[in-house]
1. Counting helices only, and only those DSSP H runs with n ≥ 4, report the 222 nm mean residue ellipticity of chain A as the sum of -39,500 (n - 2.57) divided by its residues, in deg cm²/dmol to the nearest 500.
2. Determine the shape class of the range B:262-353: with a ≥ b ≥ c the square roots of the Cα gyration tensor eigenvalues, call it rounded for a/c under 1.5, and otherwise prolate if a/b is greater than b/c, oblate otherwise.
3. Let me have the 222 nm mean residue ellipticity of chain B computed from DSSP H runs of 4+ only, each contributing -39500 (n - 2.57), with the sum over all residues rounded to the nearest 500.
4. Could you give the size of the charge dipole of chain B about its Cα centre, using +1 on the Cβ of each K and R and -1 on the Cβ of each D and E, expressed in debye and rounded to the nearest 20?
5. So between A:A299 and A:D177, what do we pick up on full extension, going 0.36 nm a residue minus the alpha carbon distance?
6. For B:A374 and B:S233, what is the calculated FRET efficiency with R₀ set at 41 Å and r taken between the beta-carbons, to the nearest 0.05?
7. Below 10 angstrom from the Cβ of A:G204, what's the summed charge of the other residues (Lys, Arg +1; Asp, Glu -1)?
8. Scan chain B and hand back the longest stretch that contains none of the GluC sites (Glu not before Pro) lying in DSSP loops with at most 15 other Cβ atoms within 10 Å.
Amino acid sequence: MSPAATTASDAPAAPVTLAKALNKGLRRAMEQDPKVLLMGEDIGKLGGVFRVTDGLQKDFGDARVIDTPLAEAGIIGTAIGLALRGYRPVCEIQFDGFVFPAYDQITTQVAKLYARSLGKMRVPIVIRIPYGGGIGAVEHHSESPEALFAHTAGLRVVACSNPVDGYWMIQQAIESDDPVIFFEPKRRYWDKAQLDESAGPAYGFDQAVVVRPGTDLTLAAHGPMVRTCLDVARAAEEEGRSLEVIDLRTISPLDVNTVVESVNRTGRLVVVHEAPVFFGLGAELAAQVTDRCFYRLEAPVGRVGGFHTPYPPSRIEETYLPDLDRVLDAVDRAFDH
Amino acid sequence: MTTRTPARSRRSAQAPEPEPVLVPEAAAADGYGAAEELPLIQLLTPEGERRSHPDYPLDVDAEQARALYRDLVLVRRVDAEGTALQRQGELGLWASLLGQEAAQVGSGRAMRPGDFAFPTYREHGVAWTRGVPPINLLGMFRGVNNGGWDPNEKNFMLYTIVIGSQTLHAVGYAMGIQRDGSDDAVIAYFGDGASSQGDVNESFVFAASYNAPVVFFCQNNQWAISEPTERQSRVPLFRRASGFGFPGVRVDGNDVFACLAVTRAALDRARTGNGPTLIEAYTYRMGAHTTSDDPTRYRGNDEVELWRARDPLARLRTYLVREGQADDEFFAEVEAEADALAAEIRAGCLSLPDPHPLSMFDYAYTGPHAQVEAEREELAAYLDSFTDEEAAR
């Protein structure tokens, strides 16, 4: 990825939100590759319900920023045909809970066509999904279905947690020849950070990153829970505990090595995600880390996440979602062993 | 928008196409009008008599008619060999196209090389017209791969087993054609059962919305496994199109001339910026749904015999003989060619190697994936442990 031709300026640019960083990343990908198309509901004139595609139809035209009929299977199904014709569609699913009409096309077609063609047909489709809770939304607007996609071979599943990653990861996703399910933490869309567009991506697309070093316990999280875990680490520090925080960034493939390396130093692991704990990412990480760090573990791997219930009404969602106290509670239990 | 030219947009904004013209004389007994409620476009009757149609003129010289007959015979033989290989345990399954040869050959031969076909799993005849070697079709039915051919090599998508999914792929491909400013066109194949699927209806919506250069070719073979077309639709399938805003026509699916002419017209309409067409090819699945099916449980023999009299091959042969366009020598040559093709398919099928067990990991992803790599290594070591033990004995 070449550095952007940004205008020379001595003053640091104003911080950008995650939504704006994604917008800038999409814009840059479209500038660099004329085959990149955006598709989705309300992404054109409106700029998307979260404004992630704001202004792009005006600048790139309605042949490249396509307002689609209101049909998710149709969006993904037609994206497959466009990919076969040589395009690189980036599809927006308006909300997590609306991806399921397209689930069939994603799991039975998108994920399998490279294998079915014995490598002759590539499906470089990116499916962007604003996901997760914490915004007081009505039902089907707060879910975290990443495990459902990670369980399907052929898909890459990633989640960005901050504006800088959002900017680079969306471009890496578009460059990927594999289909990518790209989860965007909707409650972090308005988080801000300094973004240096000329820097180039700091990390590979299949890399987890230690975002806060520590020595006593490892917290592994992705998407919206990274900020929560950083808050937890700061709170724990006041209690004299040094917590390491890993932003997993990619769920399939899963960068287990980075977690294992960390746990071999800290001896404790707590996995945090909004998605239900049952059959979730935490279970997979717990199994892999137990397998590889068995004699280094000072405590069983802890998991904090949503419950095996339909996503609750928003008035009680704060109880469902992992927060500072619930994660700290899990940390305490890990030290009690 | 750069690829949907103003000319196209203007045309698409015009009044909708007129209702398809149904020929009154085709409602006679040989036009199926006596048996079904609506007449259909027919250029060759079951008795082998040529008909003309004002909207679908077709000049077929003797050489072209013979070529179509050869296609029909060879495709039927490919299909028969598939069934035989399954019965002998060489294929796990076969989906027979018996009875649908004219629909597939006629529509397939209407395509230009740059056009693209999106098949179901029964389009062996379309595959033939695209130049896909028949042996390629056997891989998935034998269980040595799940498709395996390059869709872009012959502009023929992999077979799609989940019913109706490919119609959306076809519309997306057609949207790509629009963006490329090309005059290629696309055919989406599906059946009467698929017409109930959401994906098929969404593909109609998308195609209409974008005026995409796609032809929806529905082979109404009357049966979705055990369920008759009436279970899928209260209206004749071709009439569904009007609700989506594009024309629909019903053609005699056992008449290779009519299928050729109607599909060619629809493709031309698509490639000149006039948008989608739904063609309902009215035909019949003479065999079972697949080799796993037993149609005697749900349909009577009278119906099968009625359709046997409408056989697509017999009527063209009658026509060729009556018109003096083919002699015994020609028919013998075609039979000999079919025998040779069948032998070639059989030999090719038997020599299809089983894939190496570790090959299942090869194309899960285009590049390295940590978990896939780890699992491949683990399985390889496990498999090797047997080799070592065997060697040690």
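Bear in mind these aren't lab numbers, they're just calculated from the coordinates by the rules spelled out. Values in this document were obtained by computation on a predicted structure and should not be read as measured data. All Cβ positions, even for glycine, are placed from backbone atoms using ideal geometry, and neighbour counts span all protein chains on display.
1. Numbers: 11 runs with 110 residues, N = 337.
It lands at -9500 deg cm²/dmol.
2. Numbers: a/c = 1.30, a/b = 1.14, b/c = 1.15.
Because its axes are fairly even, with a/c under 1.5, the range B:262-353 counts as rounded.
3. Working: 15 runs with 179 residues, N = 393.
Taking each H run of at least 4 residues, the total per residue is -14000 deg cm²/dmol.
4. Details: 37 positive and 58 negative charges, 294 e Å.
I would put it at about 1420 debye.
5. On the way: separation 122, 0.36 × 122 = 43.92 nm, distance 3.99 nm.
Once the chain is fully extended between A:A299 and A:D177, it gains 39.9 nm.
6. On the way: r = 50 Å, r/R0 = 1.22.
The pair B:A374/B:S233 has a calculated efficiency of 0.25.
7. On the way: positive: A:R249; negative: A:D206, A:D255.
Net local charge, A:G204 excluded: -1.
8. Values: sites that count: B:E36, B:E37, B:E47, B:E49, B:E323.
The longest uninterrupted stretch comes out as B:50-322.
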